[in-house]
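Report on the structure given below.
The values are calculated or read from the model by the stated rules, or taken from the named source; none is laboratory data. Keep in mind that this is a model prediction, so the values were computed, not measured. Neighbour counts run over all protein chains shown; Cβ positions are idealised from the backbone, glycine included.
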Amino acid sequence: MAATRTQSSRIHPSGTSARRATAPEARGERFDRGPDRVRVTAPLRCVLECDPTDPVIRLLGVLDRRNVAEVRDALLRCLADRAAPVAVDVSALRDVEPTALLRLAEAAAEVADWPAGGFVCCAPAPGTERRWAATGVTVLPDRRLATALLAGAPSATALGLDLEPVAGAARAARELLAQASLRWNIPQLIEPAALALTEMVNNVVLHAGTAMSVRVGFRDGCLRLSVRDGSAARPAPARPVPPTALGGRGMLLVGSVVRRWGCSPLGDGKLVWAVLEPADHPREGF
């Protein structure tokens, strides 16, 4: 039976991004609604505002060791839905604990290999500049400087695609790679990337069984892939399987063609990412 591309598959234009199947957009609502307020509980002391049409995410309230894990998870979910790097406005944070800042900085390391890149913090409250600098996270003095910096970043926008877990999903993902090859002139990476992305998508189809968001980006000279789904189950690590086995080679194949790959838990699922470097796949004749 010929594979067919589902109607829910769509490529996101510059500046927009995929959302989870439970998001309002996945139920047919418009994408240009007001800001989302992601409330962090236990106790309710911090609020994260994430508007998909705004390149700035805001953190408001008290950030301490009691809520930083939930703030970090909420920030990762917002970043997973973005097609480009963002600024995180921290001017409205108060009573920030140094240990909480270090935990929040883990989010910057977590997203370093994601297709859309990471984030910069901006507008720290007076007297907290040294605390932020100690985290290693880029912190800019004001919001305007942050947005100007991000607007001028090369290859700032990743290509995105929403897919259902059906036959033909991997083929649609490979079509996205073909567009990436034309945009970034990386023909030598398309074949290994297609192999890796096919296995990543098929893992969702066969095991997670949820809607997924595929993203492809080219940043710092590397092709970066990600597939986000609604299952918390982590992909099996790359390991040898018996020659007679009918399956189980998915992430083994991925590991054989990429420089590195990983899995980021997101609370409402996970994001599996992979990085390919041109030096590992030189063009013929070079």
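Within the set 116, 84, 108, 112, the sole residue that is closer than 25 Å to residue 274 by Cα, buried (at least 23 other Cβ atoms within 10 Å of the Cβ) and under 16 Å from the mean Cα position of the chain (by Cα) turns out to be 116. Against the test of being under 30 Å from residue 225 (Cβ atoms), modelled with pLDDT of 90 or more and crowded, with 21+ Cβ neighbours inside 10 Å, the options 76, 48 yield a single qualifying residue, 48. Quick check: anything in segment 106-115 of a type outside the set (D, E, K, R), touching a strand residue (DSSP E or B) at 6+ places or on another chain (Cβ under 6 Å) and not assigned by TED's automatic domain parsing to the domain that holds residue 274? Yes, because at least one residue in segment 106-115 is of a type outside the set (D, E, K, R), touching a strand residue (DSSP E or B) at 6+ places or on another chain (Cβ under 6 Å) and not assigned by TED's automatic domain parsing to the domain that holds residue 274.
For segment 128-138, the candidate set comprises residues that are surrounded by 14 or more Cβ atoms within 10 Å (Cβ to Cβ) and of a type in the set (A, V, I, L, M, F, W, C); within that set, the residue that is farthest from residue 93 (Cα to Cα) is 137. The condition (being part of a loop (DSSP other than H, G, I, E, B), under 21 Å from residue 92 (Cα atoms) and in contact with a Lys or Arg (Cβ under 8 Å, 6 or more places away or on another chain)) is satisfied by just one residue among 116, 125: 125.
Scanning segment 90-100 for residues that are surrounded by fewer than 22 Cβ atoms within 10 Å (Cβ to Cβ) and either assigned to a helix (DSSP H, G or I) or in contact with a Cys (Cβ under 8 Å, 6 or more places away or on another chain) (or both) yields 91, 98, 99. Scanning segment 139-150 for residues that are surrounded by fewer than 17 Cβ atoms within 10 Å (Cβ to Cβ) and either free of Cβ contacts under 8 Å to residues at least 24 places away in the same chain or not in a helix (DSSP H, G or I) (or both) yields 141, 142, 144, 145, 148.
Taken over segment 166-213, the criterion of being among the acidic types (Asp, Glu) and buried (at least 20 other Cβ atoms within 10 Å of the Cβ) is satisfied by 199 alone.
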